[in-house]
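**Student:** This is the structure I want to talk about, given as structure tokens.
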Ligand code: MRU
């Protein structure tokens with residue numbers, strides 16, 4: 001690996017290797033494990049994060065759970081690991097998609113001596129499919145550029161959020177390589193700073209001109225005519241197109257509507273939840289109040305204060321100009337029921 005390169009997640013010699021995203025951009029430290037509990041904890045604390053990446057990591061974790069299991073314990077080990085991983089984060093549907101793919105292979109093959117290898121093969125398949133989906137999203141997204149653009153984005157949707165080159169971020173990167181990007185404005189993304197830490201890290205690695213701003217500054221950028229389009233990822237998309245994404249996304253979509261700026265979502269089809277009709281059915285994760293009260297483990301306000309801390313919000317589909325997937329480009333009104 002060249003010094004300037006980085007990877008977010010890989011499966012090497014029977015272990016999951018991943019970049020600890022809580023330390024970025026100040027330190028690039030990799031972790032290696034074949035212990036599913038360590039992976040579950042890494043997902044909970046956002047060492048591993050982003051909807052598609054949570055899916056890929058949990059697929060490997062569930063497969064690894066039976067690596068050293070005795071035959072008589074294998075069912076209970078698998079089920080315990082499934083439930084543990086499913087309890088890590090509720091909003092990104094990619095997690096459940098991946099766990100259920102592994103579960104289906106397990107159910108059909110649990111009697112076989114090589115079941116562990118079969119589960120790892122399935123996890124690798126989910127992994128390589130995600131890489132391909134990212135590539136296709138990058139290309140499909142080019143159609144939203146009418147001219148060289150200034151783009152605003154929220155949270156992180158790059159290599160650090162997927163197992164490929166990203167979703168919304170990969171559209172920005174592909175467009176930049178085509179000479180279609182002037183400047184990127186990365187929202188800080190309070191409280192965990194995925195924008196100012198992770199998106200900034202990735203933009204820097206790609207030599208894309210950018211600035212970071214606190215989330216509340218987006219409105220002024222728009223008012224001053226500095227933003228041509230906004231693009232974000234999603235954690236779960238309902239059949240009517242309502243999309244859950246990092247808290248603050250809904251506010252951006254409302255601002256775009258007010259300022260007549262197109263607002264796009266990019267996501268792989270693994271982010272679609274075909275079991276829910278609208279965003280009202282999406283479970284929103286609430287995070288520990290410490291993430292708001294503290295910065296870098298130092299209290300910046302009183303721990304006794306009550307905190308409201310949803311990790312995601314839902315943008316109603318009528319505010320979304322277009323949804324880009326690996327297969328297609330959709331516009332409002334969305335009806336993914338017939339897809
Ligand atoms: O809490 P996080 O950092 O996992 O939230 C991630 C996001 O909200 C991303 O925008 C989303 O998962 C899409 S990633 C391609």
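Derivation of every value follows stated rules applied to the coordinates shown; laboratory data play no part. Quick caveat: nothing in here was measured; it's all calculated off a predicted structure. Neighbour counts run over all protein chains shown; Cβ positions are idealised from the backbone, glycine included.
**Student:** Compute the separation of the alpha-carbon centres of the stretch 109-181 and the stretch 25-71 and state it in Å as a whole number.
**Tutor:** 19
**Student:** How far, in degrees from 0 to 90, does helix 93-109 lean away from the longest principal axis of the Cα atoms of the chain, to the nearest 10?
**Tutor:** Tilt relative to the chain: about 20 degrees.
**Student:** For 71, 85, 193, what's the fewest-to-most ordering of other Cβ within 10 Å of each Cβ?
**Tutor:** 71, 193, 85
**Student:** Next up: Taking only C-alpha pairs under 8 Å that are 6+ residues apart, what is the relative contact order of the chain in percent?
**Tutor:** Relative contact order, the chain: 16 percent.
**Student:** A follow-up question, please. So how far apart, in nm, are the two label points at residue 22 and residue 121 if each is 7 Å from Cα heading toward Cβ?
**Tutor:** Distance between label points: 3.7 nm.
**Student:** Given the C-alpha atoms of the stretch 184-249, compute the convex hull and give its volume per residue in Å³.
**Tutor:** Here the figure is 102 Å³ per residue.
**Student:** For the pair residue 337/residue 183, report the inter-label distance in nm, with labels modelled 7 Å from Cα in the Cβ direction.
**Tutor:** Here the answer is 4.5 nm between the modelled labels.
**Student:** Just for the chain, what percent of DSSP beta bridges are antiparallel, to the closest 5?
**Tutor:** The answer is about 55 percent antiparallel.
**Student:** May I ask you to derive the FRET efficiency for residue 68 and residue 290 from their Cβ-Cβ distance with R0 = 35 Å, giving the value to the nearest 0.05?
**Tutor:** E between residue 68 and residue 290, to the nearest 0.05, is 0.50.
**Student:** Compute the distance in nm between two label points, each set 7 Å from the Cα along the Cα-to-Cβ direction, one at residue 37 and one at residue 302.
**Tutor:** A separation of 3.9 nm, rounded to one decimal place.
**Student:** Something else about it: How high is the relative contact order of the stretch 243-323, given as a whole-number percent (alpha carbon pairs under 8 Å, six or more residues apart)?
**Tutor:** With pairs under 8 Å counted, the relative contact order is 54 percent.
**Student:** Could you compute the FRET efficiency for residue 213 and residue 79, with r as their C-beta to C-beta distance and R0 at 56 Å, rounded to 0.05?
**Tutor:** Efficiency, from the Cβ-Cβ distance: 0.75.
**Student:** Here is a further query. Sorted from largest down, what three extents in whole angstroms do the Cα atoms of the stretch 182-292 have along their principal axes?
**Tutor:** Cα extents, longest axis first: 40, 36, 26 Å.
**Student:** Can I ask one more? Tell me the volume per residue, in Å³, of the convex hull enclosing the alpha carbons of the stretch 92-207.
**Tutor:** Dividing the Cα hull volume of the stretch 92-207 by its residue count gives 115 Å³.
**Student:** Can you give the three extents of the C-alpha atoms in the stretch 138-338 along their principal axes, from longest to shortest, in whole Å?
**Tutor:** Here the Cα extents, ordered largest to smallest, are 49, 40, 35 Å.
**Student:** Once both axes come from the Cα atoms, what is the angle between helix 74-86 and the longest principal axis of the chain, in degrees from 0 to 90, rounded to 10?
**Tutor:** Roughly 10 degrees, rounded to the nearest 10.
**Student:** With no solvent and one equal point scatterer placed on each C-alpha of the stretch 1-65, evaluate the Debye formula and give log10 I(q)/I(0) for q = 0.20, 0.21, 0.28 Å⁻¹, two decimals.
**Tutor:** Calculated log10 I(q)/I(0) at the listed q: -0.74, -0.81, -1.33.
**Student:** Tell me, what are the semi-axes, in whole angstrom and largest first, of the equivalent ellipsoid of the chain as set by the roots of 5 times the Cα gyration tensor eigenvalues?
**Tutor:** One finds semi-axes of 32, 22, 20 Å for the chain.
**Student:** May I ask what percent, to the nearest 5, of DSSP beta bridges between residues of the stretch 138-338 are antiparallel?
**Tutor:** So the antiparallel bridges amount to about 40 percent of the total.
**Student:** Using only the alpha carbons of the stretch 9-135, what is the convex hull's orientation-averaged projected area in square nanometres?
**Tutor:** With every direction weighted equally, the projected area is 7.5 nm².
**Student:** Please determine, in degrees from 0 to 90 and to the nearest 10, the orientation of helix 168-177 with respect to the longest principal axis defined by the Cα atoms of the chain, where the helix direction is its Cα long axis.
**Tutor:** Rounded to the nearest ten degrees, it is 60.
**Student:** Average the reciprocal distances over every distinct pair of alpha-carbons in the stretch 146-207, invert the result, and give the Kirkwood radius in Å.
**Tutor:** Result for the stretch 146-207 stands at 11.5 Å.
**Student:** Whole angstrom only: what separates the Cα centroid of the stretch 282-339 from the Cα centroid of the stretch 190-220?
**Tutor:** Rounded to whole Å, the Cα centres lie 17 Å apart.
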